[in-house]
Amino acid sequence: MDKFAVFGDPINHSISPRLHNMAIKEFGFDAFYGRIHLEDGSRLKELFLKLNLQGANITVPYKEIAYEICNRIDPLAEKIGAVNTIVKKDGEIYGYNTDAGGFLKSIKFLGEIKKALIIGAGGSAKAIAYGLKDKSSEVHIVNRSQKRAENFKDFAFYTWNDYKIYDYDIVINSTSAGLKDDELPLPKELLADTLKRSQFAYEIIYNKATPFLQISHELNIDCKNGADMLLFQAILAFNRFYFNDLDEQRIESAMRKALFL
Ligand code: NDP
């Protein structure tokens, strides 16, 4: 039996086991995908090997540690400096970042993105920024503080104080503002003025009608939440577990059922 798992802290909320086990069932594989609450990130490699996992997903706060334990890193994950999918092959650990690819797949219907604004400068912002840059988009970042600016040396980086508004094809809220509170990711007036000059609003939080989505609706800006990003990162990861040999559409239809359980 092939064994897979997601590692993180916290981990109870993760729907990855549901998504992956549904795909395993669809393909009739002899496999199981579990969840592991990892309190000490330095044990990631030891546990991955000891449990004899074929592959794993890594979530907050261990994506940078996962990057460190890999023998081989995919070029996009290398730029991002974080890995959310690891796969064992010929005794080596291969690392990928499917958050970036998952995001890109979720906005494919928009066509070419010339200029994008990412609000926030955390781990997901970095994956999205490098994913968009890889597709030749110009990416700007605006964050409430300066403290993470050094992670975005390849991009125009603003804080709320020096931020200037441009016309954007897409504005992405990658912050956790609105997840457990009613906060907006940017001061209201700045955000409204930005959205009015933008074609599309994207909220990466996937399970809540956040204030960012509400204001986008009020201003009549087309928008969507992060459910497809979550789904597509899982589809890409599942295919990596099986060496990219599987039909993506078939994985998608199985996982979509799990998403709405
Ligand atoms: P991080 O903790 O790495 O980064 C959080 C960012 O949000 C920082 O830039 C922080 O600013 C900013 N921020 C937090 N609170 C506020 C606020 N009240 N106002 C303005 N800015 C704020 O988080 P991640 O990047 O890992 O995740 C962010 C969100 O994305 C989470 O809600 C997570 O659930 C969601 N997510 C969704 C995914 C999907 O597949 N749909 C995938 C991954 C994440 P500062 O630097 O000043 O502290």
Check: Using 7 Å Cα-to-Cβ label points, what is the ALA149/PHE29 separation (nm, one decimal)?
Finding: 4.4
Notebook entry, point to check: If one computes P(r) from the Cα atoms of the chain, what percent of pairs lie at distances over 31 Å?
Noted result: 25
Notebook entry, point to check: Can you tell which of GLY123, GLY91, GLY101 shows the greatest fluctuation in a Gaussian network model of the chain with Cα springs below 10 Å?
Noted result: GLY91
Checklist line | For PHE238, PHE152, order by how many other beta-carbon atoms lie within 10 Å, fewest first | finding: PHE152, PHE238
Item checked: Overall form of region 138-200 per C-alpha gyration tensor (a/c, 1.5; a/b vs b/c) -> oblate
Notebook entry, point to check: Given 0.36 nm per residue, what is the gain on full extension from ASP245 to ALA156 after removing their alpha carbon distance, in nm?
Noted result: 28.2 nm
Notebook entry, point to check: Using the C-alpha atoms of region 141-261, what convex hull volume per residue, in cubic angstrom, is computed?
Noted result: 150
Item checked: Environment charge at ASP169 (Cβ cut-off 10 Å; Lys +1, Arg +1, Asp -1, Glu -1) -> -1
Next item on the list: For a footprinting-style exposure proxy, rank GLU218, GLU138 by other Cβ within 10 Å, fewest first.
Entry: GLU218, GLU138
Margin query: Report the Cα centroid-to-centroid distance between region 103-119 and region 17-42 in angstrom, as an integer.
Written below: 29
Note to self: Given contacts defined as C-alpha pairs under 8 Å and at least six residues apart, what's the relative contact order of the chain, whole-number percent?
What the structure shows: 17
Check: Under a point spin-label approximation (7 Å from Cα along Cα-to-Cβ), what is the ASP9-LEU190 distance to one decimal in nm?
Finding: 3.3
Notebook entry, point to check: What is region 1-107 by shape, rounded, prolate or oblate, if you read a ≥ b ≥ c off the alpha carbon gyration tensor as root eigenvalues and call it rounded for a/c under 1.5, prolate for a/b larger than b/c, and oblate otherwise?
Noted result: rounded
Next item on the list: Counting other beta carbons within 10 Å of each Cβ, put ARG240, ARG35, ARG18 in order, fewest first.
Entry: ARG18, ARG35, ARG240
Next item on the list: Rounded to the nearest 500, what is the 222 nm mean residue ellipticity of the chain from helices alone, with -39500 (n - 2.57) per DSSP H run of 4+ residues and division by all residues?
Entry: -11000 deg cm²/dmol
Check: Quick one: Cα centre-to-centre distance for region 207-242 and region 149-204, in angstrom?
Finding: 16
Checklist line | Kirkwood Rh, angstrom, region 10-55 [1 / mean 1/r, Cα pairs] | finding: 11.9
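Read-outs throughout are calculated quantities, based only on the coordinates presented, and are distinct from any laboratory measurement. Quantities reported herein were computed from a predicted structural model and do not represent experimental measurements. Using ideal geometry, Cβ is built from the backbone for each residue, glycine included, and neighbour counts are taken over all protein chains shown.
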